[in-house]
Amino acid sequence: MRVLVSSTPGYGHVLPMVPLARALLSAGHELLWATGADACQVVRAAGIGAAESGLTDTEVAPLRAEARRAAAGIAPELVPTRVFPVLFGAARAEPMLAGLLPVAREWQPDLVLHENGELAAPLVATLLGVPHVVHAFGGAIPAAILADGSESVADLWSRHRLEVPPYAGCYQHLYLDICPPALQTVSRDHIDVTQQLRPVIYTGESAELPAGLSRDDDRPLVYLTLGTVQNLPDVLRTAVTALAGLDVRLLVTVGPAGDPSALGPQPPHVIVERYVSQAAVLPLCAAVVSHGGSGTVFGAAGLGLPQVCLPQGADQFRNTEGVVRSGAGLGLHPHQADGAAMAEAVRTVLDSPEIRAAAGRLSEEVATMPGPDQVVTRLAELV
């Protein structure tokens, strides 16, 4: 089976798909991944062939600025309703289609696998007459948000004398749901056929631990990250100052484009890095403090780690709601997240037997979800 994978270039959209892509290769299937040029480096480092297609993450900067303008003045938890059509609609799908369609016609795949933010792939698969599968990058996208995305790409379909299907054509064949059921906060009634897929942590090939992360220090290790996109310096600085006063070891990441020195001098028990392999670090942690991004939340959930979520935008408020509802952690809305509240939340998740027990139950739920090797068989049945 020849599988054409497509994705937008953001880490949070590329990395969740790597475990399934590798499982397809291990099962003997052929694979080609189309994405922005910068993300091709990540894909190739994972041992997967890549073709440059669509905007790079740098080229998306004007769309992010437009999205910020569209979201100005509205409640943070409502921002995704304004932002998704701007960031993932025609302005991104059109250049992706221009690159993806020639690649697909030349490569002739039997199946197209794409992430839920890449909206050119359903049209490409339809034009080729092959099935396509949607891979979630987090919890389900609300129906109303994808309906707006559908309107945004309708003209691309009409140029090929086709009417855009509901939800930009995403759910015509199969949806791979990586969200643990206990964390799902969105109805999936708009999705006809769903297959669960266990989220597997993949954050790059390097598994080296940060220098200075001593195994001799028996204080609990707390990992603090605000992700790679919305790692707001002021929020991060407040969190580091607050958590540095706790009797813990604190590992902080500022994102690949961040500057660790911007946080100023830190005591020995606080380690600041641009980026770490969560696959290497999370198993050592006692708790995770994050922006509520899907990769971090699902990774911590799979390991039974209590969490404190500080959502800033995107799907982070929905993930935070899921964490709180499951009992596996706490969430602080931006207007609540001062230093004292952050420190108290971390103390609570470290000390609460109830939260730790709920985190353990969440880990057990993740473990029962079918793994990538099992889902490969399901994909082969579609061809």
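The values are calculated or read from the model by the stated rules, or taken from the named source; none is laboratory data. All of these numbers come straight from a predicted model, not from anything done at the bench. As a convention, Cβ positions derive from the backbone with ideal geometry for all residues, glycine included, and neighbour counts pool all protein chains shown. These accessible areas exclude ligands, DNA and RNA; they are computed on the full protein's heavy atoms, side chains included. Shrake-Rupley method; radii C 1.70, N 1.55, O 1.52, S 1.80 Å.
Structure notes:
- Of all residues in the range 61-75, those that are over 14 Å from Gly313 (Cα atoms) have Cβ atoms under 7 Å from Cβ atoms of residues that are part of a helix (DSSP H, G or I) and open to solvent by 40 Å² or more (accessible area, probe 1.4 Å), 6 or more apart or on another chain, in Leu63/Ala91.
- Close Cβ contacts (under 6 Å, 6 or more residues apart or on different chains) running from residues in the range 193-204 that are over 12 Å from His135 (Cα atoms) and assigned to a loop (DSSP other than H, G, I, E, B) to residues that are open to solvent by less than 30 Å² (accessible area, probe 1.4 Å) and hydrophobic (A, V, I, L, M, F, W, C) comprise Val193/Leu174; Tyr202/Leu15; Tyr202/Val18.
- Taken over the range 290-326, residues that are on the phi > 0 side of the Ramachandran plot and of a type in the set (A, V, I, L, M, F, W, C) amount to 1.
- Qualifying residue in the range 264-279 (condition: surrounded by fewer than 17 Cβ atoms within 10 Å (Cβ to Cβ) and in a helix (DSSP H, G or I)): yes
- Residues that are in contact with a helix residue (DSSP H, G or I) (Cβ under 6 Å, 6 or more places away or on another chain), open to solvent by 40 Å² or more (accessible area, probe 1.4 Å) and either in contact (Cβ under 8 Å) with a residue 12 or more places away in the chain or more than 20 Å from Phe88 (Cα to Cα) (or both) occur in the range 167-181; there is at least one.
Per-residue answers, yes or no, for (1) of a type in the set (A, V, I, L, M); (2) out of contact with any Asp or Glu (no Cβ under 7 Å at 6 or more places or on another chain); (3) crowded, with 24+ Cβ neighbours inside 10 Å; (4) not in a strand (DSSP E or B):
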| site | (1), (2), (3), (4) |
| --- | --- |
| Val79 | yes, yes, no, yes |
| Val83 | yes, yes, no, yes |
| Leu87 | yes, yes, no, yes |
| Ala93 | yes, yes, yes, yes |
| Arg105 | no, yes, no, yes |
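- For beta carbons closer than 6 Å, sequence separation of 6+ or different chains, a first residue in the range 364-383 that is surrounded by 14 or more Cβ atoms within 10 Å (Cβ to Cβ) and a second that is small (Gly, Ala, Ser) and in a helix (DSSP H, G or I), the qualifying pairs are Glu365/Ala182; Val366/Ala301; Val366/Gly302; Pro372/Ala23; Asp373/Ala23; Val376/Ala23.
- The range 59-85 - residue that is β-branched (Val, Ile, Thr) and within 18 Å of the chain's Cα centre (by Cα) and, of those, modelled with the highest pLDDT: Val60
- Residue in the range 46-58 that is assigned to a helix (DSSP H, G or I) and not basic (Lys, Arg) present: no
- Criterion (at pLDDT 90 or above, closer than 25 Å to His13 by Cα, in a loop (DSSP other than H, G, I, E, B) and open to solvent by less than 10 Å² (accessible area, probe 1.4 Å)) met by exactly one of Gly322, Gly292: Gly292
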